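FYI, it's all coordinate maths here, none of it is from the lab. Since this is a predicted model, take the numbers as computed values, not measurements. Cβ: placed from backbone, ideal geometry, glycine included. Neighbour counts: every protein chain shown.
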Amino acid sequence: MRGIEVVPSAKRLITSLRALGYDLPQAVADIVDNSIEAGATVIKIDLEYLGDESWLRISDNGRGMSKAKLLEAMRYGSDVEYDSETSLGKFGLGMKTASLSQCQRLTVASRSSPTRASISGYSWDLKHIQRTNRWEVLEIPPDLLSHPLFQQLRDSTGTVVVWTCLDRILDNKYPSEDTQQKQFMAIFRELEVHLSMVFHKFLSGQLARKKLKIYICGNPIEAWDPFCTTQSETIRCDPFAHPVVEDGKAGAIHFEPFILPREDQFDSPEARKLGAGPKKWNYQQGFYFYRAGRMIQSGGWSGLRTRDEHSKLARIAVRFSPSLDDTLKINVAKMRVQLPPAIIREIKDQIQVVIGEANTRYRKSGQSAVPNLRRPAVPPSPQPTKNSIFVTMLTQEQWASRLLVAATNQERPFVQKAINRLESQTRK
Ligand SMILES: Nc1ncnc2c1ncn2[C@@H]1O[C@H](COP(=O)(O)OP(=O)(O)O)[C@@H](O)[C@H]1O
Ligand SMILES: [Mg+2]
């Protein structure tokens, strides 16, 4: 049969791709991914309000790109080889789709030679695409590349991404000075919170690479550690791995559960406030998915259970490598993954043990820390056999938490009553 090429309509598709679901912090994070991937150690994010001429810039000191490489990078679906263990990229789309979800013009300038100040630059301009209906980027002439926006490339290698015509960021075109100020403060704050969370392992130097520094308008951002690992009362439970075979290759999803201190157990009020996290305790409980060290999703129980006040001290790091992307169904904006139901069923018992412990700690509110919860107090995770729950020796307290966890909302008050009675009998 004869193949007939049907080329997508540039103006229709490029506009539709603006709606992939990014918000501003997630879009910036996708650009930061590229900078990290290019070996950058310093990433600067700047934003200037100049009415219709406002701009946002993300610049890095990474390897940069040659002219040919930059042109390929501008292509929707760039042809790139990915490292299956460490690569933060995936679809060859992020730089374009993330940027144009926020603005109408994306300009990228880059320099790859440490010795020669040879800078190249291209733009995707939605107005140009609307006019021509062609997949055409615009080449930036040398005189424009000497604009102060790209100044840092005169001294060293790196890449500068500039967003202009910020239609999705500045929705109010003519704000009063006051509104403008507020809008900007809100953007900075949101960006800071998001980046300090999703890149916390890079910012704190936990990964096998040089520590990363990110500045927003000249201010360095601090890592936010969801597991409060520096707190003396944080419990690090036994980690476990779940084997996965994808494309005939064996891999594993790694689970590392933590039980955070109760509010009264934090070392300081500041640490307690910070520990709550951007969305506060109840929303921050659950799984934190990391792909190659970069956080993709924070909080929630992936359908295993609902968020509950009693389990709010449980937070579980889940690490996987890009080679397991299909199993975890990562989405284009790298904002969401899904644990397959079969895996959820198999890890359920191990997670329930952690939740049980978190529950026990929560219920002890107002009392001093319970000695048998101190690390490494959590019993070794049972092996995932069908009746594993019966082979672990549990204390009365652990049984009580398990019962509470297993009970439905209706049953829980009755179970609690029975536990209280049992506890008071034991004390006598
Ligand atoms: N800041 C950067 N420094 C060096 N190379 C970059 C940078 N940003 C993008 N690239 C190149 O452009 C390619 C396409 O980027 P992108 O559209 O985000 O897709 P992906 O990251 O999924 O490959 C990257 O794979 C990389 O080769
Ligand atoms: Mg990318």
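N133 fulfils the conditions (1) in contact with a Lys or Arg (Cβ under 6 Å, 6 or more places away or on another chain); (2) within 14 Å of ligand 1 (Cβ to nearest atom) except for a single criterion, (2). E270 - would you say it is touching a residue at least 12 places away in the same chain (Cβ under 8 Å) and of a type in the set (D, E, K, R)? No; evaluated as a whole, the condition is false for this residue.
Listed conditions (1) within 7 Å of ligand 1 (Cβ to nearest atom); (2) surrounded by fewer than 22 Cβ atoms within 10 Å (Cβ to Cβ); (3) closer than 26 Å to D326 by Cα are all met by R63, apart from (3). For the range 66-105, a tally of residues being away from ligand 1 (no atom under 13 Å from the Cβ) and buried (at least 17 other Cβ atoms within 10 Å of the Cβ) returns 4.
Assessment of the range 225-235 against the conditions (farther than 21 Å from M335 by Cβ and among the aliphatic types (A, V, I, L, M)) yields at least one matching residue. Among the conditions (1) of a type in the set (A, V, I, L, M, F, W, C); (2) in a loop (DSSP other than H, G, I, E, B); (3) crowded, with 16+ Cβ neighbours inside 10 Å, L153 misses just one, which is (2).
In summary, helices (runs of 4 or more DSSP H) completely within the range 1-118 and bearing 2 or more residues that are within 16 Å of ligand 2 (Cβ to nearest atom) occur at 24-37, 67-74, 94-100. Count of the range 180-205 residues, restricted to those that are in a loop (DSSP other than H, G, I, E, B) and touching a residue at least 60 places away in the same chain (Cβ under 8 Å), is 1. Per this entry, L17 is counted among residues that are surrounded by fewer than 18 Cβ atoms within 10 Å (Cβ to Cβ) and in contact with a Ser or Thr (Cβ under 9 Å, 6 or more places away or on another chain). When each of E139, E177, E222 is tested for being free of Cβ contacts under 8 Å to residues at least 40 places away in the same chain and in contact with a Gly (Cβ under 9 Å, 6 or more places away or on another chain), the lone residue that passes is E139. Pairing residues of the range 80-99 that are over 13 Å from P322 (Cβ atoms) with residues that are within 7 Å of ligand 1 (Cβ to nearest atom) and among the polar types (S, T, N, Q), at Cβ distances under 6 Å and at least 6 apart in sequence or on separate chains, gives G92/S78; M95/N34. Do the conditions hold for A109, that is, is it hydrophobic (A, V, I, L, M, F, W, C), free of Cβ contacts under 8 Å to residues at least 60 places away in the same chain and more than 10 Å from ligand 1 (Cβ to nearest atom)? Yes.
Conditions (1) surrounded by 13 or more Cβ atoms within 10 Å (Cβ to Cβ); (2) part of a loop (DSSP other than H, G, I, E, B), marked per residue:
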{"residue": "I214", "(1), (2)": "yes, no"}
{"residue": "A223", "(1), (2)": "yes, yes"}
{"residue": "C228", "(1), (2)": "yes, yes"}
{"residue": "H242", "(1), (2)": "yes, no"}
{"residue": "V245", "(1), (2)": "no, no"}
{"residue": "G251", "(1), (2)": "yes, no"}
{"residue": "F255", "(1), (2)": "yes, no"}
{"residue": "F258", "(1), (2)": "yes, no"}
{"residue": "P261", "(1), (2)": "yes, yes"}
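Does I119 qualify as being touching a Lys or Arg at 6+ places or on another chain (Cβ under 8 Å), more than 19 Å from C217 (Cβ to Cβ), of a type outside the set (F, W, Y) and without any contact (Cβ under 8 Å) to a residue 40 or more places away in the chain? So I119 fits the description; yes.
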